[in-house]
Amino acid sequence: MESLDAILSDVIEHIRPGNAERAAVKALTESIIEELNTRAASMGINAHAISVGSTARDTWLSGEADIDIFIMFPADTPEHELKTEGLLLAKSVSSSYEERYASHPYIHAHFRYGGMEYGVDLVPCFAVKDATSLKSAVDRTPFHNEYVRERLPGLEDEVRLLKQFLRCLGIYGSEQRRKGFSGYLCELLILKYRSFIALLRHAANWRYGERIDIEGHGQYSGDDPLIVIDPVDPSRNVAAAVSPYSFCRLIDAAREFLARPARSFFMPKEAKPLSESEFHRILRDRGTYFIIIRFEAPDVVDDILFPQLRKAEASIRRLIERNDFVVYRSDVTVDGGSALLVFELLVWQLPCIKKHLGPPVTLRRHAERFKAMHSPPFLIEDCRYVVEVKRSYTDVKSLLKNELRSCNLGRHLSKVVQAGYEVLEPEELRITPGISSFLRNYFGNS
């Protein structure tokens, strides 16, 4: 049996950037920074650029170099000036870019260098004096960069191991679509435990609400599964985006790996496509039923879209269950330009009548009012009046086609749903590659 050290050494060799890749990333980053600074001077813009993120801290995975360059404006710069001049400067150094939005707009640009294409985020921010004097959320990042660069040297490969491990579990990344572990969080966890294996040994015993405070200055008291106090901002939980699922997935995988170490934990699993016939076979075997709500996805970033999809999912689930149908599981996804909310049901059809429970017979005034409001026959069960009433809906599809717009869908979703939506049964769902991948993951690679 191969030793743990041999497995980890081999994995590191595959995920650590080689000399040529490092040189290319370094040269491209420096050339962009130089160009930004030169153009800022020629345009009369009081700003300078710095490199931040995983490429600045040497913790990126081979082939995954996302370059982050922040354009630093004096803290007293008016916000509208930072936005307009920052975007103008960022756009001036690339002919291929798109404008994106975080706490304020930034540019995601594309550069070719040495035969490779790189994505580069060009982010205007305020050069505040410390992380407690923020004018925007991104202003913390330079302080994160400084904190980690001073303390991490010698542990970069440990961070890479953790990132690759989480990536293969599907829980790397703090965006709302994934709700996992950010790169900065990975770096802090390694700074705390000093190695990937030490982290796993501790994670295997984590409890809900696990608290890590490297600097011992935390002022955060939220109810999150994992709390990692930001060393540069005592009021912030770096792990706030980590969902209960992601938290527990790491605990479970840590135990599994420590019990039976293997390279397979670091190898991305490519799920085979799920065909329409296989989808229907799985449903037959499960004995459940799928109902799918599909509508045009609003043109907003994922970190706005996915919280609203989850909110809509919960609201629609409550509507379904208020009408006595039984939801087994539900989930959301985006495929191309469409948003899909999927509900797997244990009960999706009901009889025309249902019992309506009235007051105790012994409460005369309430009993008389109840009998005046309803038609006989009046049954008595457990000393209470009961009448039979007709259901408004006997199948879940009719319910959703008629009542969906009454749900709390969020500002952006409400607009697109008002414009139109579809309620699809399994045989009406076209299995695209994106939906195939979603369903394969939903069924756990069944």
### Query
Given labels modelled 7 Å from the Cα in the Cβ direction, how far is it in nm from VAL300 to ALA23?
4.7 nm
### Query
How far apart, in nm, are two points set 7 Å out from the Cα along the Cα-to-Cβ line at ARG149 and at SER103?
2.0 nm
## Note on the structure
Among (1) 68; (2) 35; (3) 53, the entry matching percent of Cα pairs over 32 Å apart as calculated here is (3)
### Task
Do me a favour and compute the ellipsoid semi-axes for segment 140-267 from its Cα gyration tensor, root of five times each eigenvalue, largest one first, whole Å.
22, 17, 13
### Message
If I model segment 17-151 as equal point scatterers sitting on the Cα atoms and use the Debye formula, what is log10 I(q)/I(0) at q = 0.15, 0.18 Å⁻¹?
### Response
-0.70, -1.00
### Task
Quick one: work out Rg over Rh on the C-alpha atoms of segment 9-79, Rh as Kirkwood radius.
1.12
## Note on the structure
Among segment 319-350, those whose backbone N falls under 11 Å of a label point 7 Å along Cα→Cβ from ASP395 are 349-350
### Task
Can you list which of the trypsin sites (Lys or Arg not before Pro) found in segment 201-281 are DSSP loop residues with at most 16 other C-beta atoms within 10 Å?
ARG207, LYS269
### Message
At 0.36 nm per residue, and after removing the present C-alpha to C-alpha distance, how many nm does the segment from GLN349 to GLU381 gain when stretched out fully?
### Response
9.0 nm
### Message
Test of understanding: what is the full-extension gain from SER136 to SER277, defined as 0.36 nm times their sequence separation minus their Cα-Cα distance?
### Response
45.7 nm
### Task
Note the full-extension length gain between LYS129 and ARG411 as 0.36 nm times their separation in residues minus their Cα-Cα distance, in nm to one decimal.
97.9 nm
### Summary
In debye to the nearest 20, the charge dipole size for the chain, taken about the Cα centre with +1 at each Lys and Arg Cβ and -1 at each Asp and Glu Cβ, equals 2040 debye
### Query
Taking a 24 Å limit on the Cα-Cα distance, which of the listed pairs LYS163/LYS269; LYS26/LYS163; LYS179/LYS415; LYS355/LYS397 fall beyond it?
LYS179/LYS415
### Message
What FRET efficiency comes out for LEU363 versus GLU403 if R0 is 41 angstrom and r is the Cβ-Cβ distance? Round to the nearest 0.05.
### Response
0.80
### Query
Quick one: which of LYS83/LYS135; LYS311/LYS354; LYS371/LYS401 span more than 23 angstrom between C-alpha atoms?
LYS311/LYS354; LYS371/LYS401
### Query
So for segment 228-329, Kirkwood radius off the Cα pairs, Stokes-Einstein at 37 °C and 0.692 mPa s: how many µm² s⁻¹?
177 µm²/s
### Message
Run through segment 232-319 and list the chymotrypsin sites (Phe, Trp or Tyr not before Pro) located in a DSSP loop whose Cβ has at most 12 other Cβ atoms within 10 Å.
### Response
none
## Note on the structure
Spelling it out for ALA49: with amide H atoms placed in the peptide plane at 1.01 Å from N, the residues 5 or more places away or on another chain with amide H under 5 Å from its amide H are ASN37, MET72
### Positive-end extreme of charge dipole, the chain - chosen from ALA27, GLY44, LEU341 (charges on Cβ)
LEU341
### Summary
So the pair-distance distribution of segment 215-270, from every Cα-Cα distance in 5 Å bins, comes to percents of 4, 18, 18, 16, 15, 13, 10, 6, 0
### Query
Dividing the Cα radius of gyration by the Kirkwood radius, what Rg/Rh value follows for segment 384-446?
1.13
## Note on the structure
Projecting the Cα atoms of VAL389, TYR172, ILE229 onto the charge dipole of the chain, where Lys and Arg contribute +1 and Asp and Glu -1 at Cβ, the residue farthest towards the positive end is VAL389
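Bear in mind these aren't lab numbers, they're just calculated from the coordinates by the rules spelled out. This one's a predicted model, so the numbers in the text were calculated from it and none came from an experiment. Reconstructed Cβ throughout: ideal geometry from the backbone, glycine too, with neighbour counts over all protein chains shown.
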